[in-house]
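Below you'll find the structure, written out as structure tokens, and then a few comments.
Coordinate-derived values only; no laboratory data. Computed from a prediction, not measured in an experiment: that's the story for all the values here. FYI the Cβ positions are ideal-geometry reconstructions off the backbone, even for glycines, and counts take in every protein chain you see.
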Amino acid sequence: MLEEHRPFPDICLVAKDGRMREFSALPSQRYLVILAPAGAEPFIGRISSRLAEIRAFNAEPLVIEIGSPLDLKEPPAFPVMRLADPWEAGKKLGLGDRTSRLVTVAIVDVDGEVRKIYRESVDRPPSVTALVRWLCFLDRNE
């Protein structure tokens, strides 16, 4: 289950080029992990438009598709991956019927700890402005 102040689950991810990687094998940096169901495309677009602000806080967006693949008109300038084993990873991330239509955003620090989690319906995507404020707050308090 994905929880604040706990390690992000070490799940296996598949990149668009077919390469598989464990989350722990990704470069060590702060991530803005976005668990994105179908319908989250407008939110991904807003993240793309505010990418410079997000990266100013040493955070790199990482989109993980849950369920159907996202229908992105343009590939973003950050990784979009899918779950190698949706059932097993879904258990580790706490995905299920209740969360299938939620965009989940987790700020994961360099050490792999989840610092903040935000969930919102795909019909009312999370505020990118709020995410940037969280990054600023976490940056000041480290």
- Note on the structure: For the Asp97, Cys12 Cβ pair and Förster radius 22 Å, calculated FRET efficiency rounded to 0.05 is 0.45
- Message: Per residue of segment 94-103, what does 6.51 cos²θ - 1.76 cosθ + 1.60 with θ = phi - 60° give for ³J(HN,Hα)? Whole Hz please, x for Gly and Pro, Karplus curve as stated.
- Response: x, 7, x, 4, 5, 9, 5, 10, 9, 8
- Task: For the chain, build the charge dipole from Cβ charges (+1 Lys, Arg; -1 Asp, Glu) around the Cα centre, then report which of Pro9, Gly90, Tyr118 sits farthest towards its positive end.
- Result: Tyr118
- The set of residues whose placed amide H lies less than 5 Å from the amide H of Ala36, leaving out same-chain residues fewer than 5 positions away, is Ile64, Glu65, Ile66
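How high is the relative contact order of the chain, in percent, with contacts defined as C-alpha pairs under 8 Å that are six or more residues apart? Each step should come with its number before you reach the end.
Details: 250 pairs, mean separation 47.1, N = 142.
Dividing the mean separation by the residue count of the chain yields 33 percent.
Starting from the Cα gyration tensor of the chain, take the square roots of the eigenvalues, sort them a ≥ b ≥ c, and report rounded, prolate or oblate (rounded when a/c is under 1.5, otherwise prolate if a/b is larger than b/c, else oblate). Working shown, then result.
Values: a/c = 1.30, a/b = 1.14, b/c = 1.14.
Taking the square roots of the gyration eigenvalues as a ≥ b ≥ c, the chain is rounded.
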